[in-house]
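Everything on this sheet refers to the single structure shown next.
The values are calculated or read from the model by the stated rules, or taken from the named source; none is laboratory data. All values reported here derive from a predicted model rather than from experimental measurement. FYI the Cβ positions are ideal-geometry reconstructions off the backbone, even for glycines, and counts take in every protein chain you see. These area figures cover heavy atoms from the full protein model, side chains too; ligands, DNA and RNA do not enter into them. Shrake-Rupley method; radii C 1.70, N 1.55, O 1.52, S 1.80 Å.
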Amino acid sequence: MGNPLRTLLDLPEQEKTERGLEHTPREIWQQPATWSKTYETCRSRGAELTDVLRRAGIGRGSTSSPTVYLVGAGTSDYTGRALAPLLRRRWGCDVWPIPSTTLLTEFEEYHRPGREYLWISFSRSGESPEGVALLDRALDRHREIRHLVITCNQQGPMAELCSRHPDRALALVLDDAVNDRGLAMTSSFSNMLLAGQCVANAEELTQFGELVAHMVTTGTQFLSVASEVAAAVTLLGCTRACFVGSGTLRAVADECALKVVELSAGKVTTLAETPLGLRHGPLSSVDGHTVFVAFLSSEARRRGYELDLLREIDRKRLARVRAVVTARGVEDVAGLADYFLSLNCAANFPDDYRPILDVMLGQLIGLFASMRCGLKPDQPSPGGTITRVVAPIKLYS
């Protein structure tokens, strides 16, 4: 069969508009090409980024480094979750993803007087009510917190707040092309995450560019394969989807689950877990109506647990259809799934950099599930239950 995503991109413009396919397919498709632009944006601001990190205390050593919080809501929160393991390894300090929705209600539990903090906040629009409120309050009341905001909207309130406090805050604004117009965040997720990876490698951005080039090539090739698999599994009409991953790939599972439930307007219920966590109760939801997707680690110890789960699912004949994604090679999973996708990464490609690649499978399953449910992927919530930017909230002091 041909590339189903390419087929959608080639539809007449009027038909795309009528079917709600004007933005989402293109935003998924454009991702590998936009990663190069994001890398160049970060490289051009490399001196500013290293200065922000230096002033925040990154690199002073584990005993005197700041505590780093990765802040966002929804997909922006999962961006932080996917980045946290890399930053811990690169910086040797405490790095914790904390949803802005949690910080807004429980700020005092996460901050202690006399300690230094660096917040790296993610927001596609820079208009999230929780994100704007948190940043505004922190800048106004807590000078011990330094801020780096990664956003796709130069005109957003969060970027504007940073411009008012250049001594403590910097906005890293990505190209407007990745400020997704569809409801679901796709290219904004992968590009904000790549920008975070660039921040992690701020001292070695030139060398990191070689890895980015490899990800662009790998992602371009993977898109076509993932598109075919996503279209095929959604044709089965499954009403449940389960995604599992370990380490940074758990965040991929989280984001994929969110994409499918968003784009299907909840008609496909979803679950994300670790391979070991799934066995403690949630496995009961993996039935004959379930698409099961496993993102397999390249780290031997983690992969052992993952393969054991696949064997259990195979032995118990769970799930309607099973797919696995690996960085390189699928020999050890033969017979344990219906679809095998290899990213064909270079040898020793770290899991830490895989999320922007693996996540595209979940995005595509969400896209084709949305169409199968009779929805418009660009606006999959016809009743307005969810919107592109979350509605304003009442703030309580």
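Looking across segment 12-59, the residues that are without any contact (Cβ under 8 Å) to a residue 24 or more places away in the chain and either open to solvent by less than 30 Å² (accessible area, probe 1.4 Å) or closer than 17 Å to E204 by Cβ (or both) come down to K16, E40, S44, A47, D51, R54.
Scanning segment 308-348 for residues that are open to solvent by 40 Å² or more (accessible area, probe 1.4 Å) and among the polar types (S, T, N, Q), we see that the one that is nearest to H289 (Cα to Cα) is N344.
If a residue has to be farther than 21 Å from R388 by Cβ, part of a helix (DSSP H, G or I) and in contact with a strand residue (DSSP E or B) (Cβ under 6 Å, 6 or more places away or on another chain) to count, how many in segment 84-104 make the cut?
Quick first cut of segment 84-104, residues farther than 21 Å from R388 by Cβ only: 84-98, 102-103.
Imposing the further condition that a residue be part of a helix (DSSP H, G or I) reduces the set to 84-91, 102-103.
Filter once more, so that each one left must be in contact with a strand residue (DSSP E or B) (Cβ under 6 Å, 6 or more places away or on another chain): 84, 87-88.
The total comes to 3.
The residue of segment 82-100 that is modelled with the lowest pLDDT, among those that are open to solvent by 70 Å² or more (accessible area, probe 1.4 Å) and within 25 Å of M158 (Cα to Cα), is D94. Applying a threshold of 8 Å to beta carbon distances and a minimum spacing of six or more residues, or different chains, the list of pairs starting in segment 120-136 at a residue that is touching a residue at least 12 places away in the same chain (Cβ under 8 Å) and ending at one that is among the basic types (K, R) and not in a helix (DSSP H, G or I) reads S125/R388.
Could you please find all residues in segment 138-162 being in a loop (DSSP other than H, G, I, E, B), touching a Gly at 6+ places or on another chain (Cβ under 9 Å) and open to solvent by 10 Å² or more (accessible area, probe 1.4 Å)? Once the filter is applied, which keeps residues that are in a loop (DSSP other than H, G, I, E, B), touching a Gly at 6+ places or on another chain (Cβ under 9 Å) and open to solvent by 10 Å² or more (accessible area, probe 1.4 Å), segment 138-162 yields E144, N153, Q154, Q155.
Quick check on V390: is it open to solvent by 10 Å² or more (accessible area, probe 1.4 Å), out of contact with any strand residue (DSSP E or B) (no Cβ under 9 Å at 6 or more places or on another chain) and among the β-branched types (V, I, T)? Before you say what the answer is, go through the steps one by one.
Values: open to solvent by 10 Å² or more (accessible area, probe 1.4 Å): yes; out of contact with any strand residue (DSSP E or B) (no Cβ under 9 Å at 6 or more places or on another chain): yes; among the β-branched types (V, I, T): yes.
So V390 fits the description; yes.
Is it the case that segment 109-121 has a residue that's hydroxyl-bearing (S, T, Y) and modelled with pLDDT under 95? Working first, answer last.
Our first condition is that a residue be hydroxyl-bearing (S, T, Y); within segment 109-121, this holds for 110, 117, 121.
Narrowing further to those that are modelled with pLDDT under 95: 110.
Scanning segment 109-121, I find at least one residue that is hydroxyl-bearing (S, T, Y) and modelled with pLDDT under 95, so the answer is yes.
Out of the residues in segment 370-380 that are open to solvent by 20 Å² or more (accessible area, probe 1.4 Å) and part of a helix (DSSP H, G or I), which is farthest from R90 (Cα to Cα)? Full working, then the answer.
Taking segment 370-380 and keeping what is open to solvent by 20 Å² or more (accessible area, probe 1.4 Å), we get 371-376, 379.
Okay, now just the ones that are also part of a helix (DSSP H, G or I), so 371-372.
Details: M371: 41, R372: 43 Å.
Step by step, filter segment 370-380, then rank; the result is R372.
Restricting V199, V173, V244, V225 to those that are among the β-branched types (V, I, T), closer than 30 Å to H289 by Cβ and in contact with a helix residue (DSSP H, G or I) (Cβ under 8 Å, 6 or more places away or on another chain) reduces the list to V244.
Yes/no matrix, rows are residues, columns are (1) of a type outside the set (S, T, N, Q); (2) open to solvent by less than 10 Å² (accessible area, probe 1.4 Å); (3) over 27 Å from K267 (Cβ atoms); (4) not in a strand (DSSP E or B):
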position: S190; (1), (2), (3), (4): no, yes, no, yes
position: Q197; (1), (2), (3), (4): no, yes, yes, yes
position: A213; (1), (2), (3), (4): yes, no, yes, yes
position: T218; (1), (2), (3), (4): no, yes, yes, yes
position: F222; (1), (2), (3), (4): yes, yes, no, yes
position: A226; (1), (2), (3), (4): yes, yes, no, yes
position: V244; (1), (2), (3), (4): yes, yes, no, no
position: R250; (1), (2), (3), (4): yes, no, no, yes
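The strands (runs of 3 or more DSSP E) located wholly in segment 266-369 that include 3 or more residues which are without any contact (Cβ under 8 Å) to a residue 40 or more places away in the chain occupy 269-273, 321-326.
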